[in-house]
Amino acid sequence: MDAILNATLAGGVGIGTSSDMVGNPGIALLIGIGAGIISAVGLNRVGGFLETRLGLHDTCGAHSLHGLPGVYGALVGVIVSATSSTYMNKDALATQFPYTAEGRTASE
């Protein structure tokens, strides 16, 4: 049950970085599902490893709820930023990246 609860909240953590740049709800859903999977695996596998090998006991599940999905969300944010000119309209893109109005691309 803990894995399901953490995975539900981790979806919001994973999409938080790129939420204003993702224009398609299907892509947002896939990003949230990916964060949930990473959170569940982190709770069941990485948490046990940290406890047995390093003696770190994560009583609140902060590592699997915020740590791993946060890193995943940062990586997704980088990817979405680099490819956002394909998926976003030009006005929203110019709001996020002001230099695109001068002809630069989001990856530049």
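What to note about this one:
- Counting other Cβ atoms within 10 Å as a rough exposure proxy, the listed residues H66, H57 run H57, H66 from fewest neighbours to most.
- FRET efficiency, S81 to I33 (Cβ-Cβ, R0 25 Å, nearest 0.05): 0.75
- Average projection, convex hull of the Cα set of the stretch 2-102: 6.9 square nanometres.
Bear in mind that the values in this text are calculations on the coordinates, not laboratory data. The structure displayed is predicted, hence computed values, not measured ones. Glycine gets a Cβ as well: all are built from the backbone with ideal geometry, and neighbour counts include every protein chain shown.
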